[in-house]
Amino acid sequence: MTNETLAGYANVSLYSAMAVFTIAMLCHAVYLAGLLPARDRATDRAAERAGDRSAERELVGAGATSASVDAASADVAPADAEPTGAAPVAGSAAEVPSRARAAAGIGSTTTWLGGMLLLLSVVLRGLSVDRWPLGNMFEFAVMGSMFTSLAYSIWSTRRDLRWLGLFITGPILLVLGMAVRVWYTEAAELLPSLQSYWLVIHVTVAVLATAVFTIGAAATAVYLVKDAFARSGRSSVLDRFPDAASLERTAYGLYIVAFPLWTFTLIAGAIWARQAWASYWNWDPKEVWTFVIWVVYAAFLHSRATSGISRQTASYIALAGYACIIVNFAVVNVFFVGQHSYSGL
């Protein structure tokens, strides 16, 4: 099988992954839409129970016997009433329509399938060029999307993350679309400065860190929106998500994992620069922005550990860090000329 054929199959696998992620995104959207009527039914049941208790108090006030009150309670109690003292479980299977649950299951399965198709595309691309497939923006975007989808899918086996699916598959599909339409580069040999084993180490860790930062940014955005609705007293589909404090802790845990990976990326890049360009630091735009990202996330971790700074403020700093990642990838790579300029751009 020729290298051109392998590259063609890699593209076919990529397009197939995009189709699968489109289905996954739509299914996750259907799941979130299904939470709205479930929330309304739960609210109606709560109001009905409150009305029943009011009726009981009126009967007692009118001199009704305890037995008659119990009988009235038995007559008006809904069939699916919960045990006394039990609180409804947010997002429980009993409160989510079966159609929404089925859509969530299909969304999870197709997210797995999309990630595996991206993995196949990455492997075929690497075989077609006889190198590690991280030599340009197109390959970085595809592998980053692969890591993001697989990391989310693997994490979903340990926690219920159906609420996050739309906010992962949507950005993945957007990045893949940009990769195909804007950043696509034909399979070719690497630039001389990139022909090093440090490409496998430095860039792969950078891609993995970016994937974890992406999931963290999605969780942070959901947290800030849910917190804003909670503070305003307004209800929304986000009422069915985990509580705001849990969302914030989830995002923080992801940043705790990603920050050391980005720190390693910065250090490994300096070591590679010493070998390739005879200097650990050259004030290249890519180097500078990599350090800027590190500083912003370090500021986030510091603010998160400082008692005088609110969780909301710290979360906004984290989103600023992710904005810097986007600038570093989509702006610096394209419009800034430096030693890190990718081939084909």
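The values are calculated or read from the model by the stated rules, or taken from the named source; none is laboratory data. Keep in mind the model is a prediction, meaning the values are calculated, not measured. Positions of Cβ are generated from backbone atoms using ideal geometry, with glycine treated the same way; all protein chains shown enter the neighbour counts.
Considering Ala230, Ala299, Ala221, the condition of being outside the structural domain of Ile154 (by TED's automatic domain parsing), touching a residue at least 40 places away in the same chain (Cβ under 8 Å) and in a helix (DSSP H, G or I) is satisfied by Ala221 alone.
Among residues that are outside the structural domain of Ile325 (by TED's automatic domain parsing) and either within 19 Å of Arg101 (Cα to Cα) or part of a helix (DSSP H, G or I) (or both), Leu134 is not included. Note on the range 257-292: among residues that are among the aliphatic types (A, V, I, L, M) and over 15 Å from Val205 (Cα atoms), the one that is modelled with the lowest pLDDT is Ala276.
Ile168 - would you say it is among the aliphatic types (A, V, I, L, M) and either touching a Lys or Arg at 6+ places or on another chain (Cβ under 9 Å) or within 25 Å of Leu6 (Cα to Cα) (or both)?
no
Only one entry in Arg234, Arg158, Arg181, Arg162 is surrounded by 17 or more Cβ atoms within 10 Å (Cβ to Cβ), basic (Lys, Arg) and modelled with pLDDT under 95, namely Arg162.
Scanning the range 320-336 for residues that are modelled with pLDDT of 85 or more and not aliphatic (A, V, I, L, M) yields Gly321, Tyr322, Cys324, Asn328, Phe329.
The C-beta contact set for the range 187-205 (first residue modelled with pLDDT under 80, second residue in a helix (DSSP H, G or I), distance under 6 angstrom, 6+ apart or interchain) comprises Ser193/Ala276.
Yes or no: the range 285-295 includes at least one residue that is within 19 Å of the chain's Cα centre (by Cα) and either β-branched (Val, Ile, Thr) or within 24 Å of Ile215 (Cα to Cα) (or both). So far as the range 285-295 goes, yes, one or more of its residues are within 19 Å of the chain's Cα centre (by Cα) and either β-branched (Val, Ile, Thr) or within 24 Å of Ile215 (Cα to Cα) (or both). What about Thr204, is it surrounded by 20 or more Cβ atoms within 10 Å (Cβ to Cβ), among the hydroxyl-bearing types (Ser, Thr, Tyr) and part of a helix (DSSP H, G or I)? No: the conditions fail for Thr204. Considering the conditions (1) part of a helix (DSSP H, G or I); (2) surrounded by fewer than 22 Cβ atoms within 10 Å (Cβ to Cβ), Ser196 is excluded by exactly one of them, (1).
Restricting attention to the range 310-330 and to residues that are in contact with an Asp or Glu (Cβ under 9 Å, 6 or more places away or on another chain) and of a type outside the set (A, V, I, L, M), the residue that is surrounded by the fewest Cβ atoms within 10 Å (Cβ to Cβ) turns out to be Gln312.
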